[in-house]
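Working notes, structure below.
The values are calculated or read from the model by the stated rules, or taken from the named source; none is laboratory data. Values in this document were obtained by computation on a predicted structure and should not be read as measured data. Positions of Cβ are generated from backbone atoms using ideal geometry, with glycine treated the same way; all protein chains shown enter the neighbour counts. Calculation scope for accessible area: heavy atoms of the full protein, side chains included, ligands and nucleic acids excluded. Shrake-Rupley method; radii C 1.70, N 1.55, O 1.52, S 1.80 Å.
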Amino acid sequence: MGTSSRPSHSLIDTVPPYLAFPEPGLDDPAAYEGYQTRVYQDAGGNAFQVYVKSTGRVVNLWADAANESVGFSVRDSSGKPAELAWGSSGSVVERSPAGRTRSVAYGLEAPSMVRIGLFLLGSMRVERDFGYGERDSLPLDAPAFSQHELLELIEHIAKLKGAERARHLALLGVKSAEELRARLVPRIELNRSSPLSAPRRGGQGVRTDSAMRGVGQGVRTESTDTTWVVEVDQPSFDGKTHLWLSLQGDTRETVPAVSGNVVTIRRPAGGAVRWSVRVTTDAAALTPLTRKEIFNDDFDTFAARVRADTAHPLRWRRLEREIRGAELLSYREKLMAGLPNFATYFGRDMLMTALLMQPVWAPAMPEHVIASALRKLSPDGDVSHEEALGGQAIRENAAEYNRLMAGGRQVARARAVLSDLQATRENYIMVDDDFQLPVVAARYLADPRVPADRKRAFLREGHRLERLMANLALVARRTAPYAREPVATNLVSFPRASDGHWISASWRDSRVGYAGGRYALDVNAIWAPHALEGIATILDALKGLGLAPEIHGGPLAAFARDRATLERAVAAWKGAERHFRVSLTPDEVTKRLAARLAWLPAAEREYWEGVLRREGSARDTLRFLALSLDGAGRPIPIVNTDPAMALLLDSLGRDRTIELVGPALLPYPLGLFVDDLGPVTANDAYAGRDAWEAFRRDAYHSPTVVWGRDVNVLLAGLARAMRNAKFGMRNDSAVVDSAFRIPHSALSSALDRILTAVDRSGLRHAELWSYTIENGRLVPSRYGTSSDVQLWSLTDLAVQYLLNLH
C-alpha cells in the first residue's frame, strides 16, 4: 500500500493512488474532457475516491458502510472554474487509535487565488442529485442544497404539542427544532494557527498536518504554528455519524479568509496556491476482500503469465488496473456496482457479474453475492435492487415519517421510524433480479469444487435456506400463469407507475429503456426459463445435501412433489421467445430506414446514408428478437443486444449462436454494429417516431450508446461458444454428438470484429460510451455519467481469460 511514514504499528500511512484516471498510455485524456480522478484505499481498506471536474467541482467519495461524500467547488478570482491540479503524489491515510475515525488527506493546487464554496457533506446520493441538477454552476455563496424531505420532517415536529414534540426531538438527540435545522448546513470556522483543533469537534483527535507537499514522500505531523486550518463539519441529520473536512495551508505562503459560507485562499507573493484537503468520518467501514480471495488459481496463473510478458507491458498494466478495480468493489458484505456514483449494493449488478466471472472467481466468491441478496430479500422473496444507506436512508425514512404524520393518526408508527432514521432502505421495484438469483444459486450448489459440508454450512447460516426457498416460491408463482396458458399477456409484466406508464424494471432501467414496453425480452425469454431450470437444480442439490426445507404449498410445492410438472413449465417458458420474433422484408426495412434517416439532423443523416451506401441495405428478410412487447403483447420492433445473454446460460451450436448475435453484427443503422465504436445497445429504426424521440431525449440506453456490459457479454458468450465448438462439448463435462463439432471461423470472425471496433474506440474498458459526428467523421466519446470503476465492466477480466484459452 505504499511507504509507511512510521513503524508498522503506526496508525498513519502514506499511500500512492490505487487507481487513477486518465492514465498515460491506457486512456485518451481528450475523452475525459478535463475530468481527473484518483482512488485510494483508506486505513480500513475501503475505497476513497477523489474526482475533479472541469467545472471546478471536487468530490470525495467514501465507499464505506454509509456511502458518504464531501463536495466543494473551486473558482478563480474571475469566478471561472479554477484550473486544479494534484498538489501531492499520493495521500495520507489514518485511523484513530480506538478505530473510531478514519481520515484521508491529499494536496491540491491552483495557478492563483481561489474561492471555495458550495460545500456539501453527507451522502453520495445527495451529491449525485446535486450534480444531476447542475447545481455546481450556482454562485459559491448560494444557499445550502436543500433536502425537502428533511425540511418537511422538521415542520411536522414543530407542529407537535409539547411532550410529544420533545419525544420526537429526543430521538434525534436535540432539544429544539432550531437545533435540528442547524444540522442541515455545514459549520465553517477558520483557525489561523491551530494544528490540533479537532478535539473540539466531538473529541475525535483528528490530526491536521502541514501543507501536504510531502505526501507520498513522507509526512510532517509535528505540531507547528505555521499551519492555518479551515474546518467544515456537519453531523448527519440524526446526529449519529459525522463528517469533517479540513482545508489546510502554510501561513508562510498563503492567507485564508472565511466570509459566510465561502473560503478564500490567496498567496500575497503571487504564484501557485497550494493547500491540503483532509476528510474524516466516524461511520462504519466495510470488510474488503483481497485478490487472493476473489480469483481462482487458474486466473492467477494467467495473470502471472501476462505480467511476465515484458514484450506487451500495456496489457499487464490494464489487467492489473482491472484487478485493482475488482478489489475496490469487493467486500464481504457486498459487491458494489461502481465508483463513484453507485458505491452500494445493486442486486442485478452482483448477480450478472457472478455469472460472467464464474470462470475466474474463487469457488467461494458466489457466497458473498448470494448471502448479500438473501440478507436483503423481502419477506415474499423479492430480491432487492438497490440499497439506501446513510444520508440517503435518512432522506427516504424521513419521507416515510412525513407520510405517516400527514394524516395525524399514525404518530406512534412515525416515532418508530424516527428512532432509526439511518435504517437501510431496500428498493424492490426491479423484476429481472428475482429470476437471476435462482440461476446463480443453482450454479453455486452444483459446483463440484465447493465441498458439500461448506454448502450445508452456508445455507444453514442466517436463515439463508428459508430465504432461498422464498425466492424460488416467488419465481414459481410469477411463472405459473404462463405455464398454465402460454399466451403473451400471461408473461411476466413490468409494474405500472402512478402515471400509467410501464416501469422499465430490468437492466435498461431508464424511463425509455424498453420503449414503453410491458413485457421484456430478457426477463421472459432468458431469465424466466433459466430460473425454472435453476429451481430443478437447487431441489436436486438440496436433496443430495440431505436438506429438506419446508415448502408452504403453491406452485413450488407442486414442482417439489412432481418433477414432470416443473419440466412442463420449463418447456412452456422455453417457447416464450416466439412472442418476440420480428421479421421484416427487404422492402419494409428500406422504407423504415429511409424514414428514420430523414428524421435525423443533416450531419447524422449524411453520415449514416454513407454507411448504407458503403455496406448495402437489406437483401434478405431481417429477423430479430424485439426488445419488449407492448401492453397487448405485440412486439416493439427494436433490435437489441439482450439475446446475447443466452450464450452464457446455454451451450449452443454455431447456427443458433449466429442467429442470436447476428443482428448485433449487422452494420448500423441496419443492425447494431458501428465500426471503430462497437455494437450499440439498441436500434429503434424499425419502431415509430415516438420511440425515436423518446430515445433522443434520454440517450442512456439509446442507439447512440455502447455499453461495456453488452460488449463483455458478447465476447464471453462467443468465446464460450467457440470453446464448445472446438471441443464438441455443451459444458466442461458433458460430451455431445459429434455433429456438434463445428468450424468456429464464423464465431471467431464475429469476436474479432467486436474486439477491433471497441479497441479502436479507445473506450473499451469504460462503463458506456457514445459518439458525435464531426466533419463527416464518427468520433467516440466518454458518456457523461459513466462510472470510472464499474463492476460489469470489470467482467472483462473473465473475457481476457477466456480469450486466452483460444
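Counting only the Cα atoms, region 115-155 fills a convex hull of 82 Å³ per residue.
Cross-link list K334/K543; K292/K376; K455/K543; K334/K376; K292/K543; K159/K240: which exceed 21 angstrom alpha carbon to alpha carbon?
Details: K334/K543 28 Å; K292/K376 27 Å; K455/K543 12 Å; K334/K376 11 Å; K292/K543 32 Å; K159/K240 24 Å.
Table pairs above 21 Å Cα-Cα are K334/K543; K292/K376; K292/K543; K159/K240.
Computed packing ranks the peptides 80-88, 366-374 as 366-374, 80-88, most packed first, by mean other Cβ atoms within 10 Å.
Determine the share of the chain's accessible area contributed by carbon and sulfur atoms, expressed in whole percent, with a 1.4 angstrom probe.
Working: 15820 of 31710 Å².
Of all accessible area on the chain, carbon and sulfur atoms account for 50 percent.
Paramagnetic label reach from S583 (point 7 Å along Cα→Cβ; backbone nitrogen cut-off under 12 Å): within region 618-657, residues 621-624. Extent along the principal axes, Cα only, for region 30-96: 40, 22, 21 Å, with the longest axis given first.
Work the Kirkwood hydrodynamic radius out for the chain: mean of 1/r over every pair of different alpha-carbon atoms, inverted, in Å.
On the way: mean 1/r = 0.0351 Å⁻¹.
Here the Kirkwood hydrodynamic radius works out to 28.5 Å.
Would you mind calculating the relative contact order of region 344-448 from Cα pairs under 8 angstrom and at least 6 residues apart, reporting the percent as a whole number?
Computed value for region 344-448: 37 percent relative contact order.
Simple spin-label estimate for H148 and R753 gives 4.9 nm between the two label positions (7 Å along the Cα-to-Cβ direction from each Cα).
Helical content of the chain, expressed as a calculated mean residue ellipticity at 222 nm, amounts to -11500 deg cm²/dmol (DSSP H runs of 4 or more residues, -39,500 (n - 2.57) each, divided by residue number, nearest 500). The separation of region 648-701 from region 424-485, counted between C-alpha centres, amounts to 31 Å.
I'd like the FRET efficiency for T772 and R619, computed as 1/(1 + (r/R0)^6) with the beta carbon distance as r and R0 of 35 Å, rounded to 0.05. Present the calculation step by step, with values, prior to reporting the outcome.
Numbers: r = 31 Å, r/R0 = 0.88.
Efficiency, from the Cβ-Cβ distance: 0.70.
Residues in region 579-592 carry Karplus couplings, in order, of 5, 9, 6, 10, 10, 10, 5, x, 5, 5, 4, 4, 5, 5 Hz; the curve used is 6.51 cos²θ - 1.76 cosθ + 1.60 with θ = phi - 60°, and Gly or Pro positions show x.
Across region 418-428, computed HN-Hα scalar couplings (Karplus, 6.51 cos²θ - 1.76 cosθ + 1.60, θ = phi - 60°) run 5, 5, 9, 6, 9, 4, 4, 9, 10, 10, 10 Hz from first to last residue, x flagging Gly and Pro. Distance between the C-alpha centres of region 614-636 and region 764-798: 26 Å, rounded to the whole angstrom. Computed from label points 7 Å out along Cα-Cβ, the spacing between T301 and R460 is 3.5 nm.
Scanning residues 5 or more positions from S112 or on other chains, those with amide H under 5 Å from its amide H are V273, with H placed 1.01 Å from N in the peptide plane. Coupling constants for region 112-129 follow from the phi torsions by the Karplus curve (6.51 cos²θ - 1.76 cosθ + 1.60, θ = phi - 60°), and in residue order they are 7, 3, 10, 10, 10, x, 6, 5, 9, 10, x, 9, 4, 5, 6, 4, 4, 5 Hz; glycine and proline get x.
Residues whose amide H falls under 5 Å from that of L547, counting only those 5 or more places apart or on a different chain, are absent, with hydrogens built in the peptide plane. Across all Cα pairs in region 225-284, the calculated P(r) in 10 Å bins from zero up to the longest distance comes to 20, 44, 25, 10, 1 percent per bin.
Toward the positive end of the charge dipole of the chain, with +1 on the Cβ of Lys and Arg and -1 on the Cβ of Asp and Glu, the farthest Cα among L140, T37, L539 is that of L539.
Amide H to amide H, with H built 1.01 Å from N, D282 comes under 5 Å of H242, counting only residues 5 or more places away or on other chains.
Could you report the chain's accessible area per residue, 1.4 Å probe, as an integer in Å²? Don't skip to the end; give the middle numbers.
On the way: 31710 Å² over 806 residues.
About 39 Å² of surface per residue is accessible.
Separation of region 298-323 and region 358-379, taken as the distance between their Cα centroids, equals 27 angstrom.
Given the alpha-carbon gyration tensor of region 445-506, what are the semi-axes of its equivalent ellipsoid in whole angstrom, ordered largest first, with each equal to the square root of 5 times an eigenvalue? Working shown, then result.
Working: eigenvalues 235, 49, 24 Å².
Ellipsoid semi-axes (Å, largest first): 34, 16, 11.
Cross-link partners of K574 among aspartates and glutamates, defined as those whose alpha carbon lies under 17 angstrom from its own and excluding same-chain residues fewer than eight positions apart: D432, E485, D522, E533, D642, D650, E659.
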